[in-house]
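The values are calculated or read from the model by the stated rules, or taken from the named source; none is laboratory data. Small disclaimer: the values here were computed from a predicted structure and weren't measured. Glycine also receives a Cβ, built like all others from the backbone with ideal geometry; neighbour counts cover every protein chain displayed.
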Amino acid sequence: MRGNPLVIEVLAGLGRRGTAELHAFGLLVLLAAVLIVWWPKTGLEQVLESQQAPNTLMAVVIALGIAMSYLALLCGAEEIMLQGQHGLRDWALATPLRPGRILRGYVLGQLLYSLHCLALSLPVLLTAFTISGGEWAALGWCVAAALVQAVFYRLCGAITHLTIGQHRAESRFAVRAILVLVYGPVGLAAPVTSHVAFTSRVLGEDLGSGTALAAAPDNVAFLAAYAGLGMIAALALYWLLTRERLGMAAPPGRDQGSPDGSRAGSK
């Protein structure tokens, strides 16, 4: 993984201050606000009498999934870039890296960025987990869902950028419409793709039945659905990268494995 120049670029960018770090700070502010709003307003005695755990963890996890998806879309559309990070089109046109290698590094880079966001969100997430209780397995399902979902949205953002990225206003509208449509009408029409329904089922059944394994088949169906959609999006992005490569030859002197001409990786 570390030998891929796109991954190396992400690892270097995560340690630098820039716009991406401001958005990560915004993520923490959002989660903290959700935590405060859904903090139990009644005492412990009332909670025990109701025999229903607070929905604090569920609210935080849903907010985390939406926020990570939104950030992934913005990163894919290159509205957010790490300090020193090059655009996807630059990697396709200005380096000899094969499209498959570019795509692998791109996906791995998104996973690293998502894990970075999760690490920053961990204090809020664990606080909500302590309040609501439940099983670690349920929390693990939710984290896996957020990661897989974010990769899909990152690919959708990249496809949007490579197709209509030259039209700035249209691109900005499209990436936000994707998030609204998938979380709204598509999620209602096909509940297996709904992150809100997934989180409510996993944490709701976990808190009610005491086992996170009860909904395992449905959980796998959600992950499989987004993995399948991600593969379709990856194939579409691969085709776009290949088209970019065939449409314009790499400029002279830019053949050393990175967009700025420095040797970041082998072919």
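Looking only at the stretch 15-59, count every residue that is in a loop (DSSP other than H, G, I, E, B) and either aromatic (Phe, Trp, Tyr) or at pLDDT 90 or above (or both) and tell me the total. Matching residues across the stretch 15-59 total 2. Tallying residues that are modelled with pLDDT under 90 and in a loop (DSSP other than H, G, I, E, B) within the stretch 172-230 yields 7. Could you check His161 against (1) touching a Lys or Arg at 6+ places or on another chain (Cβ under 9 Å); (2) not in a helix (DSSP H, G or I) and say which number it fails? The number of the failed condition is (2). Select from the stretch 169-190 the residues that are farther than 19 Å from Val151 by Cβ and touching an Asp or Glu at 6+ places or on another chain (Cβ under 9 Å) and list them in ascending order. Within the stretch 169-190, Ser171, Arg172 meet the criteria. Quick one: how many residues across the stretch 60-79 are crowded, with 22+ Cβ neighbours inside 10 Å and part of a loop (DSSP other than H, G, I, E, B)? Result for the stretch 60-79: 1. Taken together, Ala119, Ala59 contain a single residue that is among the aliphatic types (A, V, I, L, M) and touching a residue at least 12 places away in the same chain (Cβ under 8 Å), which is Ala59.
Applying the criterion of being surrounded by fewer than 16 Cβ atoms within 10 Å (Cβ to Cβ) and aliphatic (A, V, I, L, M) to the residues of the stretch 237-267, the residue that is modelled with the lowest pLDDT is Ala250. Go through the residues of the stretch 81-100 one by one and say whether even a single one is among the β-branched types (Val, Ile, Thr) and at pLDDT 90 or above. Checking the stretch 81-100: not a single residue is among the β-branched types (Val, Ile, Thr) and at pLDDT 90 or above. For the stretch 50-91, a residue qualifies if it is among the small types (Gly, Ala, Ser), out of contact with any His (no Cβ under 6 Å at 6 or more places or on another chain) and closer than 30 Å to Leu246 by Cα, and the qualifying residues are Ala72, Gly76, Gly84, Gly87. Pairs are defined by a Cβ separation below 7 Å, a sequence spacing of at least 6 or placement on different chains, a first member in the stretch 138-155 that is over 14 Å from Ile232 (Cβ atoms), and a second member that is part of a helix (DSSP H, G or I) and charged (D, E, K, R); the pairs so defined are Ala138/Asp206. Given (1) touching an Asp or Glu at 6+ places or on another chain (Cβ under 6 Å); (2) within 14 Å of Leu155 (Cβ to Cβ); (3) polar (S, T, N, Q), where does Ser114 come up short, assuming only one miss? So Ser114 meets the others, but not (1). Quick one: would you say Leu108 is surrounded by 16 or more Cβ atoms within 10 Å (Cβ to Cβ) and either touching a residue at least 24 places away in the same chain (Cβ under 8 Å) or in a helix (DSSP H, G or I) (or both)? So Leu108 passes the test.
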